[in-house]
Every structure is written in structure tokens, then in C-alpha cells.
1. Taking Ile303, is it among the hydrophobic types (A, V, I, L, M, F, W, C), more than 23 Å from Leu153 (Cα to Cα) and touching a strand residue (DSSP E or B) at 6+ places or on another chain (Cβ under 9 Å)?
2. Which residues, taken from the range 317-328, are in contact with a helix residue (DSSP H, G or I) (Cβ under 7 Å, 6 or more places away or on another chain) and of a type outside the set (Gly, Ala, Ser)?
3. Looking only at residues in the range 112-132 that are out of contact with any strand residue (DSSP E or B) (no Cβ under 7 Å at 6 or more places or on another chain) and of a type outside the set (A, V, I, L, M, F, W, C), which one is nearest to Asp101 (Cα to Cα)?
4. Could you please let me know if Asp148 is buried (at least 19 other Cβ atoms within 10 Å of the Cβ), of a type in the set (Asp, Glu) and either without any contact (Cβ under 8 Å) to a residue 24 or more places away in the chain or under 30 Å from Gly77 (Cα atoms) (or both)?
5. Go over the candidates Leu66, Leu31 one by one and state the one that is within 25 Å of Gly211 (Cβ to Cβ) and either buried (at least 19 other Cβ atoms within 10 Å of the Cβ) or modelled with pLDDT of 95 or more (or both).
6. Could you check the range 157-175 and list, in sequence order, the residues that are in contact with a strand residue (DSSP E or B) (Cβ under 6 Å, 6 or more places away or on another chain) and either surrounded by 24 or more Cβ atoms within 10 Å (Cβ to Cβ) or among the hydroxyl-bearing types (Ser, Thr, Tyr) (or both)?
7. Could you please let me know if Leu127 is under 26 Å from Lys226 (Cα atoms) and surrounded by fewer than 20 Cβ atoms within 10 Å (Cβ to Cβ)?
8. Kindly state which strands (runs of 3 or more DSSP E) lie completely within the range 35-130 and contain at least 1 residues that are touching a helix residue (DSSP H, G or I) at 6+ places or on another chain (Cβ under 7 Å) and β-branched (Val, Ile, Thr).
Amino acid sequence: MSTTYGTFPGSRPRRLRTTPAMRRMVAETRLHPADLILPAFVREGVTEPVPISAMPGVVQHTRDTLRKAAVEALEAGVSGIMLFGVPEDAKKDALGTAGTDPDGILQVAIRDVKAEVGDELVIMSDLCLDEYTDHGHCGVLDADGRVDNDATLERYAEMAQVQADAGVHVVGPSGMMDGQVGVIRDALDQTGHEDVSVLAYTAKYASAFYGPFREAVGSSLQGDRKTYQQDPANVRESLRELALDLAEGADMVMVKPALPYLDILAKVAESVDVPVAAYQISGEYAMVEAAAANGWIDRDRAIMETLTGVKRAGAHMILTYWATEAARQL
């Protein structure tokens, strides 16, 4: 009787894929609820949550429902919540003064969440002017209508102080102004807030995937942000931004968006010894939700696959609108 055993493979990677238990045991990348951060919007002057049409399942919270969302995130094991304020339109102006008003909606929301969860949930705040300016840009405009970098830095220093006074644990400067991390770090240190961390939006690209977010924050943007957010074509530029942010005192760094820039995320993660975050942004969320609503993909599997991909690329923390839901599944 002849045998042909030698013609079959001796190495069979499929042996390690045979059962769910086997696959779980040998998994190289593991998601954990503590990896997740929930971005949340709080809108001034509303008595009921306002659904965001382009982001099914996400709302602009009232102060009360924001407190509830924070508690739910904490109970699910989520590590942090990133707060975005949505002021009344009448309070928007050229300088974004509602963003530095101690009684502005974001500062009030920080105090609300801090009173609800204390230090058990890491409270983060978006440090940017775009929600508060009538022109929708992330900074102060000069006489020619361009964003004035250094005048904007002065506003960011004020924002850092009022957000820290309100009790925030981490500020997230997202405007991509040159020198923003250093100015904010100095402002915090000089006002007795040495323990407040800075999560630098190190590589924030001028992406087409921000569209739904504009609805979420009631953006008044005129024009685009290509003169200060990064060009999607560039890689080395992100590493230059990374070096500058670290030199200026960033405690953590971020890549945004996540999925279209996993190569950037991997390079950043390989280059630093500080925690690295990635922001799975509104357009990424909306694509999955829209495809799932049409029956084109398995929603739950797609959510976990995208989050695993971001973690696999090197993110220690992932900002995602699915944070609480995904944490419960995990």
C-alpha cells in the first residue's frame, strides 16, 4: 500500500483556529473596556437629548443625560469621557468667548460630570474654539480672514485654565496650532494645575470623514481647515509634529482619524514611550452604521473588527462613539 503522507503540509496554522476557545487563547491583540474613551456632546439650552441624524444612536446630551451617560460608561468599564460643548448660537462670536466663560456649557458639563463620577472616570475636554466661534474656525481670525496662530494660542491658554478650574483631568487641544501644547502646559503649570494632563492631537488630518461631527457640534464653519490640519498625503510631517509635541510637554499623543491613518498610528506608536490614542471619528462611525442599516455588513462584527484594527496598529486608547456598547460586549 503506497502512502503520500509527505505531500501534505506538516505546518498547519489552521490548527490554532479550530475553536473559539483556541482562537481566544492565541489572540495577539486583545481589546479591553479600559482601552476605550467615550466622546460626548452636551448642548446648552435643551431639555431633551437631540439626535444627530448623521450619527444614528448618538445625541447632543442635556446636562442630565450627560451625567447618566458618564455613569453608564463608568459602569461598563470605559476609562474616560471626552466632552464637547455645544453653545447656543446667540453666544457664538468671533473670539469664541463662550469657550473661556467659566459658566460656559463645557465648563458647566465638566463640573456636572465631576460631581457625578469624581475621579473614577477620566474626564477629558476638547480644547478648541471651533464650537464657539461664529465663523467655525479653530482659532481667531486676522484682518484677512486667516487663522492667527499666536492670537489663538492666547485664547487656548485661557481655555486650559477655565477647564482645569472646572475639574477636568485631561485637556485635548485639537486645533493644530503651532506651539499649542507648550503654551497650554505653561498656562496649566502657572495656575496651579500641574496635575492636569495634555492629550496632544499630534497628527490631526484635514479629513473628509469629519462631516457628521460638524452636525454634532453645530459647526458654523466657513471654508475649510487645510491651512492648519495636516495634509492627508504626508507622513514625515506627522513625525515632526510628534517631536514638537513631546518637546513641549505632551503627556499623551493622538492620531485622528483612525482607520484611514493606521500607518501613521503604527509609526507614532513605534516612535514614542508615552501613551498613544486614536480617534475613531464620526465619519468612520457613520459608515458602519449606514452599511449595517442597509444590511450590507454585520454591525457588531464590524464594530469589533475596526476597534481591533486600531488597537493592533498600536493605540493604547481609542476614542469611539461605540465605547460604552463595545465595553459591555467585551
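1. No; evaluated as a whole, the condition is false for this residue.
2. Result: Met317, Ile318, Thr320, Tyr321, Trp322, Thr324, Arg328.
3. Tyr132
4. no
5. The match here is Leu66.
6. Listed by number, the residues that qualify are Met159, Ala160, Gln163, Val168, Val171, Gly172, Pro173, Ser174.
7. no
8. Those strands (runs of 3 or more DSSP E) span 36-43, 80-86, 122-127.
The values are calculated or read from the model by the stated rules, or taken from the named source; none is laboratory data. None of the values given here were measured: they were computed from a predicted structure. Every residue, glycine among them, receives a Cβ derived from its backbone with ideal geometry; neighbour counts consider all protein chains shown. The accessibility values were calculated without ligands, DNA or RNA, using every heavy atom of the protein model including side chains. Shrake-Rupley method; radii C 1.70, N 1.55, O 1.52, S 1.80 Å.
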